[in-house]
Amino acid sequence: MRTPRAVVFAVLLAVAAAGCGSLAPRYAQEARSSYISARAVLAGLQEFPSQMELLLRGGDWETLGKKGEGLIEDARDLVSATYAAFNAVVEKCEALKGERSRKHDPYAEKLLELVRLNERIIGGYTEFLSLSSSALEGVPYLEDPQALMPVLEAMDAVASRIQEQFAELESLEEQAEALYLEIAR
């Protein structure tokens, strides 16, 4: 009677070693969902530069400071929420990598690469927030509107860099999605 148990145990061990019963597919799906959620949070932050530009160009110097501070505070909250959302993606990717699946590991690595790029983008928004705050500190510019130009030019440079990073992000996201569709078969 011991032989059948030993055979069953050996078969179960072989099945487990082969990856059957792996949680990798579930973790890959969770990591993908977490990434999609994190990008949705980042989408809210993407609106900040244009909102701030409209506010600065509006010229309503009496309400500019208060409105600008409100915009900046909201954007800072979004920065924190966005970092937290991408940290959740990292946790899901680490769980996926913990499964040590040759099939799923490249997807986890691609998502982690996306997280790093998104973190650089968030850093760009943080820099933009700082510049926006500096612009508001110098208000009003009624005496010398040209004094605002260096800050506006720096803001434009940061916004351009962010846009370039988003173009790179789109390409990486397409690659990640292709990997996911391949492993989900």
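The numbers here are math on the coordinates, done by the rules we state, and not lab data. Here the structure is a predicted model, which means the values were calculated and not measured. Because the Cβ atoms are built from the backbone with ideal geometry, glycine has one as well, and the counts that use them run over all protein chains shown.
One decimal place: the segment E137-E109 gains 5.9 nm when fully extended, by the rule 0.36 nm per residue minus the C-alpha distance.
Highest average first, the peptides 66-76, 165-175 ordered by how many other beta carbon atoms sit within 10 Å of their residues are 66-76, 165-175.
A quarter of the convex hull surface defined by the alpha-carbon atoms of the range 31-122 gives 5.9 nm² as the mean projection.
Put a dot 7 Å past the Cα of R100, heading toward its Cβ, do the same for L152, and the two dots end up 6.0 nm apart. Computing FRET efficiency as 1/(1 + (r/R0)^6) for E170 and L23, where r is the C-beta to C-beta distance and R0 is 30 Å, gives about 0.50. Under 16 Å of direct C-alpha separation, and excluding same-chain neighbours fewer than eight residues apart, K110 reaches these lysines: K92, K97. Given Cα pairs under 8 Å that are at least 6 residues apart, what percent is the relative contact order of the range 106-185? Computed value for the range 106-185: 49 percent relative contact order. Could you compute the net charge surrounding R100? Neighbours are other residues with a C-beta less than 14 Å from the C-beta of R100; K and R count +1, D and E count -1. Every neighbour counted, the sum reads -1. Over all other residues within a Cβ to Cβ distance under 13 Å of R57, the charged ones net out to -2, with Lys and Arg as +1 and Asp and Glu as -1.
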